[in-house]
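Values in this text are rule-based calculations from the coordinates and carry no lab data. Quantities reported herein were computed from a predicted structural model and do not represent experimental measurements.
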Ligand SMILES: [Mn+2]
């Protein structure tokens, strides 16, 4: 049994008393927002829940309630018995880092990535949903689980950040309906946008330099932008937004953000308006969604760039 229905998910959750809740490494808005909201929802259902992430939590999410309750792997070495490891927004077992080694409980996975490897014992997968946060909002609605104001803010942020604030092609009527539920429950779209999209003067200065790396290929239907080691040291994991700079170019179909992890490993984010970039990323062992994917290439940045350009349609 891998894929499960909403009723099977409900049954599994009602039978589990102690739940270890986690998301993928390099946690983004969808991962963090989904986890914080579901944490609160599960507590309200009387569950004992521990949140753990095998990574640091970006500072920009600190405005959300319960961020302080997220534990590190080190803080979870002596856990009481766990009935369920619940993984949100992660498509592979490797994406949860060392969390998998913390318990041997059955793994349940709520996700929206088309590249999901079905690693879990029970997988609730909705690939037509823009965000895991959209799935969580939908579950709360269908199960009549109350949505508090703090849950609403977390879920609105989760949904909005995964669909480019309702601009990307994954935005559906249901996406907007779930976002509307969040706003009705007290989410503040303007405050969330201002908090998430705020930039420091240091970052904007760095952006000026990063803009110089922009290159165009294939009649300007492909654009690349690069973050070297120095830029990565300053930015950490906060590299969202750079790919949008080139994605917004009118002629660009495929936008490629190249990040130098070190001198021999390059992390790549791919965005597209038409082309299936999940298929491109999967050629390098990565994946994600049809219009937004990522991979890691074991080559220095300039060579990784050329290897990618070579396989583009
Ligand atoms: Mn997501």
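Along the three principal axes, how long is segment 201-311 when you take its alpha carbons, biggest first, rounded to the nearest angstrom?
35, 31, 22
Taking N as the number of residues in segment 10-138, what is its Cα Rg relative to 2.2 N^0.38 Å?
This ratio for segment 10-138 stands at 0.95.
Take every Cα-Cα distance within segment 1-70, group them into 10 Å bins from 0 onward, and report for each bin the whole-number percent of pairs it holds.
19, 48, 28, 5
Which number do you get for Rg(Cα) / (2.2 N^0.38 Å) in the chain?
It is 0.98.
Of the DSSP beta bridges with both residues in segment 180-313, give the percent that are antiparallel, rounding to the nearest 5.
Bridges in segment 180-313 that DSSP calls antiparallel: roughly 75 percent.
Taking all pairs of different Cα atoms in segment 198-243, averaging 1/r and flipping that mean, what Kirkwood radius in angstroms comes out?
Roughly 11.4 Å, rounded to one decimal.
Can you tell me what share of the DSSP beta bridges in the chain is antiparallel? A percent to the nearest 5 is fine.
40 percent
Give the dimensionless ratio obtained when the Cα radius of gyration of segment 67-204 is divided by 2.2 N^0.38 Å.
Rg over 2.2 N^0.38 Å, computed on Cα atoms: 1.15.
Can you give the calculated 222 nm mean residue ellipticity of the chain, where each DSSP H run of n ≥ 4 adds -39,500 (n - 2.57) and the sum is split over every residue, rounded to the nearest 500 deg cm²/dmol?
Per the formula, -10500 deg cm²/dmol.
Which angle from 0 to 90°, rounded to the nearest 10, does the C-alpha axis of helix 132-142 make with the longest principal axis of the chain?
That helix lies at roughly 30 degrees to the long axis.
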